[in-house]
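> Here's a structure for you.
FYI, it's all coordinate maths here, none of it is from the lab. Computed from a predicted structure; not experimentally measured. Note that each Cβ is placed from the backbone with ideal geometry, even for glycine, and that neighbours are counted across all protein chains shown.
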Ligand SMILES: [Zn+2]
């Protein structure tokens, strides 16, 4: 079996003339930068320790297991708002003024809506992480030489999905009170890709304003103020 290399993409800035005359979400107030939301996390865990390669673990094993977990979590996070992400609400795969295009295996640019693009992402990543030739789980099997580039490709796709959720569906996320989960996942994911240089900083720059805020609050919390996390449960 050979590795499938379908689905590359390029990033282009949106043209000024918008077909539907609607303002992109990012030109409106960025809800996800509001302190009442950026402060929320679901855990106090030290993420830096979480992403560091443990001494006795093989790097590829570490990348494979973490990226598979990120894929599952991002897929799950998207599924919570997918009913609001339709061909009508999200006619193109946009995130913070950036437009993503999907290319088929022959390099043909596909016109697709955000839910279609995300479906392409999820199904192609699913195919990769369950392909024993790419993500070997059996003893004695080796990772392919293209493993690192495939991991980077998966991380780029997953980042696009996260960026779309933040820029187009954050309101729904807050209505479901899932912003703590999304922030936690985003911090963990970004620290991980930075730790192993899996994404070009240019790629993630569209959410630099968010990561700056989240990481500064992360540091603040690390310095102190974990008091709130303490449970005052009385034992009987
Ligand atoms: Zn959408």
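> What's the number of the only condition in (1) surrounded by 13 or more Cβ atoms within 10 Å (Cβ to Cβ); (2) under 17 Å from residue 172 (Cβ atoms) that residue 116 fails to meet?
Exception for residue 116: condition (2).
> Would you point out the residue of the range 135-159, among those that are out of contact with any helix residue (DSSP H, G or I) (no Cβ under 7 Å at 6 or more places or on another chain) and in a helix (DSSP H, G or I), that is nearest to the ligand (Cβ to nearest atom)?
Ranking the candidates gives 153 first.
> Of all residues in the range 161-192 being surrounded by fewer than 18 Cβ atoms within 10 Å (Cβ to Cβ) and within 12 Å of the ligand (Cβ to nearest atom), which is nearest to residue 73 (Cα to Cα)?
Filtering first and then ranking leaves 172.
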